[in-house]
Amino acid sequence: MYIDTHVHLNAEQYEEDIDEVIQRALDAGIEKMVVIGFDRKTILKAMELTEQHAFIYAVVGWHPVDAIDCTEKDLEWIESLAAHPKVVGIGETGLDYHWDKSPKDIQQEVFRKQIRLAQKVGLPIIIHNRDATADVIRILKEEGAEKTGGIMHCFGGSVETAKECIDMNFMISLGGPVTFKNAKTPKEVATEIPLDYLLIETDAPYLAPHPNRGKRNEPAWVVLVAEEIARLKDLPVEEVAKITTMNALRTFNIT
Ligand SMILES: [Zn+2]
Ligand SMILES: [Zn+2]
């Protein structure tokens, strides 16, 4: 049994065949999926999916790339949704310096507001970081984010950075990149970081794992991520499935 801790089943890429995608995931042993809503449209769709399927949970927040569009009203809405029994986290938030749609200062402000919101509602925070590690860590520290802890989603940093995040009460979530042949750093993280601090995710429809790299990703393929971690750690894949599932239930407080 597996949990895909970060999947965008609410993306338009699944409009045509979402039922088949979900069925393939269930057939592959993915017992729960956490759908991330990160703007008005995808939050609504994520909430809809939680109503339709007992095994789907939602994380709601505002993506750093679109931080410039985030209003006070949006944050109030996210706060009100946090009371929903199937909303299990706030995010994905964080910083993304790869795209320049939203200026850095606005990204940082919207990030800080969501860390505070997560503390107010008592939910873990899901972090998206691209090319912004130093600022992400500084802000998490300044805002006392270890109070709620959370997840470094699709972690792409070094072993050193992973340890720093673990010390701040964050879990390290690995996705498709750990399976890529040339992905030296994610493989080091999978090898060095104890299984107790690892989660698995697809981030589908993005970042499909090897040998499906470049295709539309889907939650069934989280198994490929688990298999690669098992190979690197020289453990049975059942062990990786079991421990990462327990980690996910604990992190999201799913009973
Ligand atoms: Zn992300
Ligand atoms: Zn994502």
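Residues Glu20, Glu31, Glu16, Glu12: which one is open to solvent by 40 Å² or more (accessible area, probe 1.4 Å), free of Cβ contacts under 8 Å to residues at least 60 places away in the same chain, within 19 Å of the chain's Cα centre (by Cα) and away from ligand 2 (no atom under 13 Å from the Cβ)? Testing whether each residue is open to solvent by 40 Å² or more (accessible area, probe 1.4 Å), free of Cβ contacts under 8 Å to residues at least 60 places away in the same chain, within 19 Å of the chain's Cα centre (by Cα) and away from ligand 2 (no atom under 13 Å from the Cβ) leaves just Glu12. Can you tell me which residue within the range 211-255, out of those that are over 27 Å from Thr42 (Cα atoms) and part of a loop (DSSP other than H, G, I, E, B), is most open to solvent (accessible area, probe 1.4 Å)? The residue in question is Asp234.
Tell me, yes or no, whether the range 60-68 has at least one residue that is within 16 Å of ligand 1 (Cβ to nearest atom), outside any loop (DSSP other than H, G, I, E, B) and touching a Leu at 6+ places or on another chain (Cβ under 6 Å). Scanning the range 60-68, I find at least one residue that is within 16 Å of ligand 1 (Cβ to nearest atom), outside any loop (DSSP other than H, G, I, E, B) and touching a Leu at 6+ places or on another chain (Cβ under 6 Å), so the answer is yes. Filtering the range 17-66 to residues that are under 30 Å from Gln108 (Cβ atoms) and of a type in the set (Lys, Arg) leaves Arg40, Lys41, Lys45.
Hey, any hits in the range 110-126 for a residue that's over 17 Å from the mean Cα position of the chain (by Cα), open to solvent by 30 Å² or more (accessible area, probe 1.4 Å) and over 25 Å from Arg250 (Cα atoms)? Walk me through it before giving the result.
First pass over the range 110-126, keeping only residues over 17 Å from the mean Cα position of the chain (by Cα): 110, 112-113, 116-117, 119-122.
Restricting the remaining residues to those that are open to solvent by 30 Å² or more (accessible area, probe 1.4 Å) gives 112-113, 116, 119-122.
The next check asks that each one be over 25 Å from Arg250 (Cα atoms); those that pass are none.
No, the range 110-126 has no match at all.
The values are calculated or read from the model by the stated rules, or taken from the named source; none is laboratory data. Note that the coordinates shown come from a computational prediction; the quantities given were computed from them, not determined experimentally. Glycine also receives a Cβ, built like all others from the backbone with ideal geometry; neighbour counts cover every protein chain displayed. Side chains are part of the model used for accessible areas, which takes the heavy atoms of the whole protein and leaves out ligands, DNA and RNA. Shrake-Rupley method; radii C 1.70, N 1.55, O 1.52, S 1.80 Å.
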